[in-house]
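*Asks:* Supplied in structure tokens, the structure appears directly below.
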Amino acid sequence: MLLRMALRQTTSRLTAVTAAVALAVAPMSPALAEPEKGPPIIRDTEAEQLLREYTRPILRAAGLEKQNIQVVILNEKVFNAFVADGRRIFVNYGALMQSDTPNQIIGVLAHETGHLAGGHLSKLREQLAQAQTQLIIAMLLGAGAMVAGARSGSSNGLANAGAAAIAGPQEMIRRTLISYVRQQEENADRAGVKFLTATGQSAKGMYETFRRFTNESLFAARDADPYLQSHPMPAERVAALQELARSSPYWDKKDDPALQLRHDMVRAKVSAFMERPDTVYRRYPPSNDSLPARYAHAIATYLHGDLRSALAQIDGLIQVQPSNPYFYELRGQALLEGGKPAEAIAPLRKALQLSNNAPLIEMLLGQALVATDNKAHTEEAIAILRSAVARESEAPLGYTQLAMAYGRKGDFAQADLASAQAAFLRGDNKTARELASRAKTRFAIGTPGWVKADDIVSAKPLPGQKSN
């Protein structure tokens, strides 16, 4: 199941990083616009599980395995990956699509882990705060000189000196920040190679990716990818990375064929869900009968064509890999979205069993049970959805479906509370407060439901969000 949603919690942190990048690679400006909403994200059990397996040994080597660091996939087609707080690595789906091998994206993840292990974000914030203080002092001194020049009647002299006093420090601070960011990038390179070597993996993928960006920078300075803008890559840095990476005994080590297949399957899935059908079929022509191509064809057919044909293609995939939970998930999703929720239940149960009760698949099964409009399924739907949101507390879909299930049961207090939680996660604070206020009137004072509703009513918008 591939879901697209907005990430509510990261707005202020991403603003800080946006500011840092802008300061590092562009002339300073007096103000930076803050985004009003969090970035759009993609949720998919198969893709997230693969990225978890990519990062787990890297995080262990970095001493971060107990920090509950997550990899978040952003709904952006350009290549980019970055850290914006101490617990998440953000990866654009475009980075997955442009990484031909697991080792290439693993190299990028190792580099970003180097930033986390080195505490680079907090150090960069300190550097930015210091730079801001220096800039304010320079502007005040410069403005004072300009005012003095104006009072003395001088059109040049002090007035020009004041302007120079403002412009000079700006350029000096900008150069200092660029140098600082580049030093952090080089440190992250070294850390990334260290983590890859410690886990018996090649750093060739990291080098190949960064070399590609260096080559592209010669021709694409005007329309450079965000990754290049936030990860400056002078040729000397890439040459140093090549020397370091080649020193590893694992330089020539290849990806396991089974892992390469899983990587290709996820890329095919992302392509089919995120790209236009004509683009999908250019990537995976009908003549291509590989498993990833068949996966892409089946998804594209269900999304844009005939459900019956899509189901036949999915059944063909299941025959090849009968223990693949994501094929059953796809069959259930196709049936559910095709208006056949009762038929979707069996394949979704199978997907849930094979995936070790993945919460996003639980939500999809709960949605199918609710969509049957059969009261016999209500209690099971509530139990499944409560289990799902307990482990995936930031997914609005689970709370939305839970609200519907409680409504069918006639438990309107819990229905209002679940609806309020869904609205809160979507960033709709006004609706969340209204629904939570109504829920409070339905719960006995002091009960767990009343307390949760009161928390939503009392919650303040996160920095960067409107209170609406």
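The values are calculated or read from the model by the stated rules, or taken from the named source; none is laboratory data. The model shown is predicted, which means the values in this text are computed figures rather than measured ones. Neighbour counts run over all protein chains shown; Cβ positions are idealised from the backbone, glycine included. Ligands, DNA and RNA are excluded from the accessible area calculation, which covers all protein heavy atoms including side chains. Shrake-Rupley method; radii C 1.70, N 1.55, O 1.52, S 1.80 Å.
*Asks:* Could you estimate the translational diffusion coefficient of the range 364-461 from the Stokes-Einstein equation, with Rh from the Kirkwood formula over C-alpha pairs, at 10 °C and 1.306 mPa s, in whole µm²/s?
*Replies:* 120
*Asks:* Mind giving me the nanometre distance, one decimal, between the label points for Glu53 and Ser290, set 7 Å out from Cα along Cα→Cβ?
*Replies:* Each label point is offset 7 Å from its Cα along the Cβ direction, giving 1.7 nm.
*Asks:* By a straight-distance test (C-alpha under 26 Å), which lysines pair with Lys253 as possible cross-link partners, with residues fewer than eight away in the same chain excluded?
*Replies:* Filter leaves Lys194, Lys204.
*Asks:* Ok, one more. Ranked highest first by average number of other Cβ atoms within 10 Å, how do 94-107, 444-457 line up?
*Replies:* Final packing ranking: 94-107, 444-457.
*Asks:* Report the full-extension gain for the segment Val320 to Lys409: residue separation times 0.36 nm, less the Cα-Cα distance, to one decimal in nm.
*Replies:* My answer for the length gained is 27.9 nm.
*Asks:* In whole percent, how big is the carbon plus sulfur part of the accessible area of the range 225-320, probe 1.4 Å, protein atoms only?
*Replies:* Carbon plus sulfur share of accessible area: 52 percent.
*Asks:* Tell me, what is the per residue accessible area of the range 372-468 in Å², probe radius 1.4 Å?
*Replies:* 51
*Asks:* Work through the residues other than Ala344 whose Cβ is under 13 Å from its Cβ and net out their charges, Lys, Arg +1 and Asp, Glu -1.
*Replies:* +1
*Asks:* Which of the aspartates and glutamates could be linked to Lys409 by a straight reach, that is with a Cα gap under 20 Å, when you skip same-chain ones fewer than 8 residues away?
*Replies:* Partners found: Glu362, Asp373, Glu379, Glu380.
*Asks:* Counting only protein heavy atoms and using a 1.4 Å probe, what share of the accessible area of the range 398-441 belongs to carbon plus sulfur, as a whole percent?
*Replies:* Carbon and sulfur together cover 50 percent of it.
*Asks:* Taking the highest mean first, how do the peptides 410-423, 41-54 order by number of other beta carbon atoms within 10 angstrom per residue?
*Replies:* Per-residue Cβ counts within 10 Å, averaged per peptide and sorted highest first, yield 410-423, 41-54.
*Asks:* If you take the C-alpha gyration tensor of the range 294-435, multiply each eigenvalue by 5 and take the square root, what semi-axes do you get, largest first, in whole Å?
*Replies:* Equivalent ellipsoid semi-axes, largest first: 29, 15, 14 Å.
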